[in-house]
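The block underneath contains the structure these notes are about, expressed in structure tokens.
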Amino acid sequence: MRHSAKVTRTKRWKALRQEALRRDDYQCVQCGARACRLEVDHILPVRDRPDLSYELSNCQVLCSSCHARKTRLEIGFPDISPERRKWRDFLEDTPPCCKA
Ligand SMILES: [Zn+2]
């Protein structure tokens, strides 16, 4: 279970997530991708700063690959398999641009 799961399941987070996407203009703040798979990341991880879980200033929009890279660095995992990533992406919220 990811540390942020408790937060990202809430209605409050879903609203904040939309705000972050709007603020960052629906593009990855790191590589500028307007990929279909955009995720809203906690700049300071929830497990370190749970008090910042719902701070818009602690949120940034990342595409799935930038997000995966950041998360890997945070957890110290060498890599995750494509199958695991696919499954994880599947569990993430679908951004509005994917809801056709
Ligand atoms: Zn990116």
Segment 5-90 - percent relative contact order, Cα under 8 Å, separation 6 or more
28
Using every alpha carbon pair in segment 5-90, what percent of pairs falls into each 10 Å bin from 0 up to the bin containing the largest distance?
17, 50, 32, 1
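Every number here is computed from the coordinates shown, using simple stated rules; none is lab data. If you're wondering where the values come from, they're calculated on a predicted model, not measured in any experiment.
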